[in-house]
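The structure under discussion appears below in the form of structure tokens.
The values are calculated or read from the model by the stated rules, or taken from the named source; none is laboratory data. None of the values given here were measured: they were computed from a predicted structure. So basically every Cβ, Gly included, is an ideal-geometry build from the backbone, and we count neighbours across all protein chains shown. When the accessible area is computed, the model is the full protein with side chains, heavy atoms only, and any ligands, DNA or RNA have been set aside. Shrake-Rupley method; radii C 1.70, N 1.55, O 1.52, S 1.80 Å.
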Amino acid sequence: MKSKVILIFLILFFAFAQYWGLVRAPADRMMGDVYRILFVHVPAAWNALLLLTVSFVGCLLYLLRRKEFWDRLAHSSMEIGLVLTGLVLPLGSLWAKPTWGVWWTWDPRLTTTMILFILYAGVLILRQLIDDPVRRAKISSAVGLLIYLNVPIVYLSVRWWRSLHQLQSSPSTMDPQMVLALRLNAFALLGLAVFFLVQRMRLLKREALIEEKESLPPPLPRGAQS
Amino acid sequence: MIHGGWEFVWGAYGLTWFVLTSYGFSLWQRHRRLSKREKNSR
Amino acid sequence: MTLFFQQTVAILSKDFLMEYRDRSRLLSTLLFGLLLLLLFSFALSVDPALMRKMAPGLFWLTLFFASTLSLEHSFQKEREEGRWEGLLILGIDPRALFLGKLLGNLLFISLLQLFLLPLMAVLYDIQLSWTLGTVLVLGSLGLSTLGTFYSALTASLREGQFLLPLLLYPMLVPLLLASVKVTELVLARDLFGQQVAWLKLLIVFDIIFLLGSLLTAEFLIDR
């Protein structure tokens, strides 16, 4: 019940932030109205990266502490990070088409995001193939660590390979209304992502409990002992 | 300055809502399936 | 520490002896490499100038695909009849097992390269040089490190050997880019500037993944 109230509040906040981005923020001098895509694209990218970083921390702490909690954190944040990464890519294409005229370029950030998506999808597939929960946690944490280490290397190598990159637009060159809209949207999406994360972790915990119960032998009827 | 392009904006916002809602829905479905399993295992 | 290296060498020499006595794995991998070189030139072009330009990329792709064929089997013998558990009960250090397998795969991939290079030089008309050797060693070290890591991983699954390329190739993207780029530069005799940055990237890549996978190897191998 409590989570329903929180969810409704989060959805309202999300809709409010989008209203701000779509209506209240002024049109850009260069990009016109198309730039409003950035109010969903950029927060999704930030939150995806944040969640994948959380999953890295979860993997690391699991290997150090061996508490199931950290594995559940790593798994859940990986899944939601993957959903957001999968969202960022088509949103980027929708931004690229009207502004650059193409759906896709071999820009380092785009290419890295694509590879990131495949890497994390691979780990989630891998998780489904291991039955023993402890081995599953150990192996996927080890892989999660290596994958995260690979991200900056992929980025660097693609950047050198293409030897071109655009500068990030910093908030100082933007209208204050735009900055506000961007921040509102980022926090609104963060709220939803955290909500999903908590729910996903609860589900994993319940699932583990059920599996534990099912793996036990059925209780003996009374009087059947010895 | 780029004029128009609202169809891309609507596409992007629609896609965001679609993806987030479907993920939320899938979580809810998994929750229901677990509840059913919990009942059966007792 | 000496025990660790003794164990590593023991694993390496055991595998070497087994591969030497039953050469089918080596022979089929080499032939598969040759086949790939032919297939690429059939599929892409017969224009010699174009082939020479694409040769570095094709060489590394051939090496990746052909070595995957053998990497899939690098833990095959251990999977059967509980030999994996047997080794662990004997008290072998999981890292020594990993390192031994890694060196074995490195040897295997180096042999594959020694076989493919002259063929490549003949078929695609490129000139070989000693500078190329450094690149090949660094590239194959990275390939065999991650390859051994992921083959240990997929070998410990009951099913799911099909996952190896899916997990391995995206990890190898920086290695592929760096190796192809350096090979291109070496073949074009561009001996200044850019090449050094790429070589450094290759070295960083090798070190990070060698350390990373050695540190996490026990989680894969221990049961």
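Accessible area ranking (1.4 Å probe, heavy atoms, ligands and nucleic acids excluded), largest first, for B:9, A:5: A:5, B:9.
For chain A, the square roots a ≥ b ≥ c of the C-alpha gyration tensor eigenvalues yield an a/c of 1.5 or more together with a/b not exceeding b/c, which makes the shape oblate. Every helix of 4 or more DSSP H residues in chain A counts as -39500 (n - 2.57), and over all residues that averages to -27000 deg cm²/dmol at 222 nm. Residues whose amide H falls under 5 Å from that of residue A:32, counting only those 5 or more places apart or on a different chain, are B:2, with hydrogens built in the peptide plane.
The HN-Hα couplings worked out from phi for the range C:45-52 by the Karplus form 6.51 cos²θ - 1.76 cosθ + 1.60 (θ = phi - 60°) are 5, 10, 6, x, 5, 5, 4, 4 Hz, whole numbers, x standing for Gly and Pro. Calculated accessible area for chain A comes out at 52 Å² per residue, all protein chains present (probe 1.4 Å; ligands, DNA, RNA ignored). Scalar couplings 3J(HN,Hα) for the range B:15-27, obtained by applying the Karplus form with A = 6.51, B = -1.76, C = 1.60 to θ = phi - 60°, are 4, 4, 4, 4, 5, 5, 5, 5, 5, x, 5, 5, 4 Hz; x denotes Gly and Pro.
Between residue A:201 and residue C:47, the simple spin-label model (points 7 angstrom out along Cα→Cβ) gives 5.8 nm.
Taking the C-alpha atoms only, the angle from helix A:176-215 to the longest principal axis of chain A is near 10 degrees.
Ordering C:55-61, A:142-148 by mean Cβ neighbour count within 10 Å, with the highest value first, yields A:142-148, C:55-61.
Across the accessible surface of the range C:129-177, with the other protein chains kept in place and a 1.4 Å probe, carbon and sulfur atoms take up 76 percent.
Look at the Cα gyration tensor of the protein assembly as shown: its axes a ≥ b ≥ c give a/c of at least 1.5 with a/b at or below b/c, and that counts as oblate. Against chain C, whose longest principal axis comes from its Cα atoms, helix C:24-44 is set at around 30 degrees.
Computed 3J(HN,Hα) for the range A:76-82, one whole-Hz value per residue from the Karplus formula 6.51 cos²θ - 1.76 cosθ + 1.60 where θ = phi - 60°, is 5, 5, 5, 5, 5, x, 5, glycine and proline marked x.
Only Lys, Arg, Asp and Glu carry charge here, each on its Cβ (+1 for the first two, -1 for the last two); on that basis the protein assembly as shown has a dipole of about 1560 debye about its Cα centre.
Only the Cβ atoms of Lys and Arg (+1) and of Asp and Glu (-1) were treated as charged; on that basis the dipole of the range C:2-221 about its Cα centre amounts to roughly 240 debye. For the pair the range A:30-85 / the range C:77-127, the C-alpha centres are spaced 36 Å from each other. Which of the three applies to the range A:1-81, rounded, prolate or oblate, going by the alpha-carbon gyration tensor with a ≥ b ≥ c and a/c under 1.5 meaning rounded? It is oblate, given that a/c is not under 1.5 and a/b is not larger than b/c. Buried between A and B is an accessible area of approximately 3100 Å², summed over both sides with a 1.4 Å probe. The accessible surface of chain A, taken with every protein chain in place and a 1.4 Å probe, is 67 percent carbon and sulfur. The C-alpha atoms of chain C define a longest principal axis, and helix C:2-21 lies at about 70 degrees to it. Applying both filters, DSSP loop and at most 14 other Cβ atoms within 10 Å, to the chymotrypsin sites (Phe, Trp or Tyr not before Pro) of the range C:121-201 gives C:130, C:162, C:192.
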